[in-house]
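The values are calculated or read from the model by the stated rules, or taken from the named source; none is laboratory data. What you see is a predicted model; the values in this text were computed from it and never measured. Here Cβ is always computed from backbone atoms with ideal geometry, including for glycine, and neighbour counts include all displayed protein chains. Please note that ligands, DNA and RNA were not included when accessible areas were found on the heavy atoms of the full protein model with its side chains. Shrake-Rupley method; radii C 1.70, N 1.55, O 1.52, S 1.80 Å.
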Amino acid sequence: MMLTHLVVPLVAVLAGSGWQPPPEPDVVLIPAVDGVVTADVYGAGPRGVVLAHGGRFDRASWRAQATELAAAGLRVVAIDFRAAVETRAGRETPCLYDEACLAKDVLAAVGYLRRTGATDISLVGASLGGAGVARASADSAVGTIDRLVLLAHMPVRLPESMRGAKLFIVAQDDPGPGGAPRLTAIRAQYEKARDPKELMVVAGRAHAQEIFATPEGNRVLREVIRFLTAPTDRLRHRPSPPAPRGGAEAR
């Protein structure tokens, strides 16, 4: 009873201040070449963004970031990878770590954005989702994908084939398979990728989407929004920053 008396006035205060809860996304079913991809859609307009989650996450995990991206004027499509859905249901699939297979779901979302009026499309991928968007950009026609944001992405076989401007983001002490620092592999992928490209190394050991829950999260999100909304002629090559002293690469 005491809890009820505390909560009701708080809701009234928030309502009186003009605060509104973030809008619920629209849920859409997107046809793919071999099935259907479920996605949440936020915002409106001709500039589209596809969000591709990491292996431990799902489309709902992007809600806070998707809401901010939509507020910045972007139409956001956060997808559920079908392979992740199958895995969580206890059905094994080799597709979960197959970049070409993951790319099919991303390209389905790209097609949806094009059919519904998007004239500029960017892709944001985390961990295995990063491999999916990287491969999707390589498999797409020239001019289809404008920008890529890769959050500690699973390395892809041919990083030089990625199209569009690229922003690589990784935490300096993020431990990869076997404890090796992911930064080493990400830097190698960055060096092989074509311009324009940027590499952002942040403090800590959080992996991919987990960065948003750290003190670096707001800064990273601001950089992502800056990168996705900047005029294309301002997206130029930035030299790879040096390895941080005392970080994972230095040990």
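Just one of Ala84, Ala44, Ala118, Ala60 is assigned to a loop (DSSP other than H, G, I, E, B) and farther than 21 Å from Gly164 by Cβ; which is it? Break it down stepwise before answering.
Details: Ala84 fails: assigned to a loop (DSSP other than H, G, I, E, B); Ala118 fails: farther than 21 Å from Gly164 by Cβ; Ala60 fails: assigned to a loop (DSSP other than H, G, I, E, B).
Only one candidate passes the filter, namely Ala44.
Taking region 87-101 as the region of interest, how many residues are assigned to a loop (DSSP other than H, G, I, E, B) and open to solvent by 60 Å² or more (accessible area, probe 1.4 Å)? Break it down into steps so the answer makes sense when it comes.
Keep residues of region 87-101 that are assigned to a loop (DSSP other than H, G, I, E, B), which gives 89-93, 98.
Next, only the ones that are open to solvent by 60 Å² or more (accessible area, probe 1.4 Å) stay: 90-92, 98.
Adding up the residues that qualify gives 4.
Of the residues Ala64, Ala126, Ala52, which single one is open to solvent by 60 Å² or more (accessible area, probe 1.4 Å), under 21 Å from Phe168 (Cα atoms) and in contact (Cβ under 8 Å) with a residue 40 or more places away in the chain?
Details: Ala126 fails: open to solvent by 60 Å² or more (accessible area, probe 1.4 Å); Ala52 fails: open to solvent by 60 Å² or more (accessible area, probe 1.4 Å).
Result of the check over Ala64, Ala126, Ala52: Ala64.
Could you list all residues from region 46-75 that are over 23 Å from Asp34 (Cα atoms) and β-branched (Val, Ile, Thr)?
Hit for region 46-75 is Thr67, nothing else.
Kindly list, by first and then second residue, each pair from a residue in region 211-227 that is within 22 Å of Arg47 (Cα to Cα) and assigned to a helix (DSSP H, G or I) to a residue that is of a type outside the set (Val, Ile, Thr) and open to solvent by 30 Å² or more (accessible area, probe 1.4 Å), limited to pairs with Cβ atoms under 7 Å and residues at least 6 apart or on different chains.
Val220/Phe212; Leu221/Glu68; Leu221/Phe212; Ile225/Glu68; Ile225/Ala72
Kindly provide the set of residues from region 215-229 that are surrounded by fewer than 20 Cβ atoms within 10 Å (Cβ to Cβ) and in contact with a Lys or Arg (Cβ under 9 Å, 6 or more places away or on another chain), ordered by number.
The answer is Thr229, and nothing else.
Return a yes/no flag: does region 156-171 have any residue that is over 24 Å from Ala109 (Cα atoms), in contact with a helix residue (DSSP H, G or I) (Cβ under 9 Å, 6 or more places away or on another chain) and either at pLDDT 95 or above or not acidic (Asp, Glu) (or both).
To start, the set of residues in region 156-171 that are over 24 Å from Ala109 (Cα atoms) comprises 170-171.
Of the ones still in play, those that are also in contact with a helix residue (DSSP H, G or I) (Cβ under 9 Å, 6 or more places away or on another chain) are 170-171.
Of the ones still in play, those that are also either at pLDDT 95 or above or not acidic (Asp, Glu) (or both) are 170-171.
Yes.
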